[in-house]
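See below for the structure under consideration.
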Amino acid sequence: MSLRWLLGQNTGILIVSDEALAVMHRFKQTRLLDKEAGGQLFAQFSGPNVHILKATPPSLLDWRSRYGFRPNRRLQRMQIAKYYARGLHFVGDWHTHPESHPTPSSEDVTGMQDCFRRSKHDLTAFLMVILGTVQSQDGYYVGLVDETGLRPLTAAAHLEAEIVRPLD
């Protein structure tokens, strides 16, 4: 089942597809030696709703440790162009933390703020998703990052919304 978060006061819903969730869950840090992993999030827009349809897996070119992750930015730029050609828009990043209820580090926030400032886009914020070790929706930190900082989103577990299917 896809997961949902409120984007603000009656401004829309963030819907993360089963496919995107499956990619993130493959890299969950459940064992003592598991390293952080991460990737990019790609979406389609339907009115005020944002549908995350793709989450990219980490690459062999990324730097990973137990408590850190740095993606290969050149590869990420290539992925953005590839998915944009397929009708999907880059909207943010995801990564794992080895804690049950993840919280963003100052490096997480400043890194996303830098990405937001340096990127060419029409978005009001980028999405940051951090996957912890808890199985439920409580095992995620989801927030919006812009020049001013980070705003956490509220889970909307039982909201109904039309799911947009990926383009072939």
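Listed values, structure above:
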| read-out | value |
| --- | --- |
| Residue within segment 45-56 that is touching a Ser or Thr at 6+ places or on another chain (Cβ under 9 Å), charged (D, E, K, R) and either in a strand (DSSP E or B) or modelled with pLDDT of 95 or more (or both) present | yes |
| Residue match in segment 61-68 (condition: touching a strand residue (DSSP E or B) at 6+ places or on another chain (Cβ under 6 Å), under 17 Å from residue 23 (Cα atoms) and assigned to a strand (DSSP E or B)) | no |
| Residue within segment 28-43 that is assigned to a strand (DSSP E or B), without any contact (Cβ under 8 Å) to a residue 60 or more places away in the chain, under 15 Å from residue 92 (Cβ atoms) and in contact with a Gly (Cβ under 8 Å, 6 or more places away or on another chain) present | yes |
| Selection status of residue 93, of a type in the set (Asp, Glu), touching a residue at least 12 places away in the same chain (Cβ under 8 Å) and not in a loop (DSSP other than H, G, I, E, B) | yes |
| Residues satisfying the stated conditions in segment 44-67, i.e. within 19 Å of residue 152 (Cβ to Cβ) and hydrophobic (A, V, I, L, M, F, W, C) | 50, 52 |
| Contacts under 7 angstrom Cβ, first residue in segment 8-19 being without any contact (Cβ under 8 Å) to a residue 40 or more places away in the chain, partner hydroxyl-bearing (Ser, Thr, Tyr), 6 or more apart | 18/2 |
| Complete set of residues in segment 8-36 that are surrounded by 20 or more Cβ atoms within 10 Å (Cβ to Cβ) and within 12 Å of the chain's Cα centre (by Cα) | 14, 15, 16, 17, 20, 24 |
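Condition check ((1) among the aliphatic types (A, V, I, L, M); (2) in contact with a Gly (Cβ under 6 Å, 6 or more places away or on another chain); (3) surrounded by 12 or more Cβ atoms within 10 Å (Cβ to Cβ)) across all residues:
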residue: 49; (1), (2), (3): no, yes, yes
residue: 72; (1), (2), (3): no, no, yes
residue: 77; (1), (2), (3): no, no, yes
residue: 99; (1), (2), (3): no, yes, yes
residue: 104; (1), (2), (3): no, no, yes
residue: 134; (1), (2), (3): yes, no, yes
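The values are calculated or read from the model by the stated rules, or taken from the named source; none is laboratory data. Here the structure is a predicted model, which is why all the values come from computation and not from measurement. With ideal geometry, Cβ positions are generated from the backbone for all residues, glycine too; neighbour counts draw on all protein chains shown.
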